[in-house]
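Working notes for the structure below.
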Amino acid sequence: MRQYSAADRPGGGRPEVGRPEAGRPEADRPEFVNRYEDTCPVCLRTVPAGQGLRQRDRSSGHDGHWSTYHRSCLPEEAPPPRRRHKGWHSRTLMAFDIAATGNRPTVDRVVAAAVRSTDGSTGLDLLIDPGPEVQLDPVGERHGITAEMARTGGDPAAEALDRLADTLAAHLATKNPLVVWHAPWVLSLLESELLRHGLPSLAARCPEGLAPIADPLVLDRHADQFRSGGRARDAVADWYGIPYDRPGHPASDAETVLVLAQVIAACYPHIGKLSRPALHTEQVRWSAEWAERLRKRDPRATPDPRWPVATVAADPWTPPPPPPPASGGRSRP
């Protein structure tokens, strides 16, 4: 059976379709039709040019080769098997996530946060009062926190955010990865909130730098660039077979991404075996590469390549804009 290189893929070179965006409809998922005659590895019969589909063999991880199948023989897509190699994912990891009043990192406020660690030594759940000027109504569709809940049961924002930042900085001092899904959104919002309340930034609390961060969204985008389907957190968790009971709830989010980071590293040895400093620096590069691919695919797109932190500013509160018409996607991956 012929082994294909990237140049042999449909259209020659790397296909421009790349990975579908979060919420991309099923009907729009890419299909790679074979340009050349080949042999189907399932039935061992010839697949005429233009009549089969190409699919990458994920059983060998990131470097898996592409095979041509009859449409009736196309195997169900699945992630690579989890391997038992040692790496950063076998160390003590910590994950955190937040619930906020919206998706504007320099404007919106944190109303809840959760921290989890793989050894169970750290568990932190915070409900945070964002202040009287902030409107939480209507209730956030994902986290379900109301204004009354935050104001009557929440800790003062400065006190809670300071405690959260100290907890994260103490973990980063161990030089073990801090797991953050969609880090530029989460960390930019946290840093903006710390600035707003006159508190030291998380970066300032980390003398050796805000690193290492492990962002499962960046890791998955790099490891499996051409997978069909969306990259919303619930879709990625489902792909890797990870239970995700309460999407949008900070505790459930943190628990899920903690496992996601471990599983992705176990499935892809070239990621799991990276040193902790290399893990961080490679994600900076991979995030920039993803942004460039997205711009090439859609000239109207304006992705921010900065990772793990983007713009930090304490902008004044303004009511969030009305939500766009439902399109099946989500504004935050």
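The values are calculated or read from the model by the stated rules, or taken from the named source; none is laboratory data. Owing to the predicted nature of the structure, the values given are computational and were not obtained by experimental measurement. For neighbour counting, all protein chains shown are included, and Cβ atoms are generated from backbone atoms with ideal geometry for every residue, glycine included. Calculation scope for accessible area: heavy atoms of the full protein, side chains included, ligands and nucleic acids excluded. Shrake-Rupley method; radii C 1.70, N 1.55, O 1.52, S 1.80 Å.
Some points to look at:
- Any hit, region 258-276, residues being closer than 21 Å to T174 by Cβ, within 16 Å of the chain's Cα centre (by Cα) and open to solvent by 50 Å² or more (accessible area, probe 1.4 Å): yes
- Applying the set (1) closer than 30 Å to T318 by Cα; (2) over 18 Å from the mean Cα position of the chain (by Cα); (3) among the small types (G, A, S) to S90 leaves exactly one unmet item: (1).
- The residues on offer are R205, R227, R221, and the sole one that is closer than 28 Å to P316 by Cα and either open to solvent by less than 10 Å² (accessible area, probe 1.4 Å) or at pLDDT 95 or above (or both) is R205.
- Here D215 meets each of (1) at pLDDT 95 or above; (2) open to solvent by 10 Å² or more (accessible area, probe 1.4 Å); (3) under 16 Å from the mean Cα position of the chain (by Cα) with one exception, condition (2).
- Any hit, region 108-120, residues being of a type outside the set (S, T, N, Q), in contact with a Ser or Thr (Cβ under 8 Å, 6 or more places away or on another chain) and farther than 24 Å from P247 by Cβ: yes
- In region 230-240, the residues that are free of Cβ contacts under 8 Å to residues at least 60 places away in the same chain and open to solvent by 10 Å² or more (accessible area, probe 1.4 Å): D234, D238
- Strands (runs of 3 or more DSSP E) enclosed by region 28-112 - at least 1 residues per element that are open to solvent by less than 50 Å² (accessible area, probe 1.4 Å) and modelled with pLDDT under 90: 52-56, 66-70
- Residue in region 206-225 that is of a type outside the set (F, W, Y), part of a loop (DSSP other than H, G, I, E, B) and under 24 Å from G144 (Cα atoms) present: no
- Output for region 122-150, where each listed residue is within 27 Å of A261 (Cβ to Cβ) and modelled with pLDDT under 90: G140, E141, R142, H143, G144, I145
- Within region 170-194, being small (G, A, S) and in a loop (DSSP other than H, G, I, E, B) holds for one residue alone: A173.
- Yes/no for R246 being surrounded by fewer than 21 Cβ atoms within 10 Å (Cβ to Cβ), in contact (Cβ under 8 Å) with a residue 40 or more places away in the chain and of a type in the set (D, E, K, R): no
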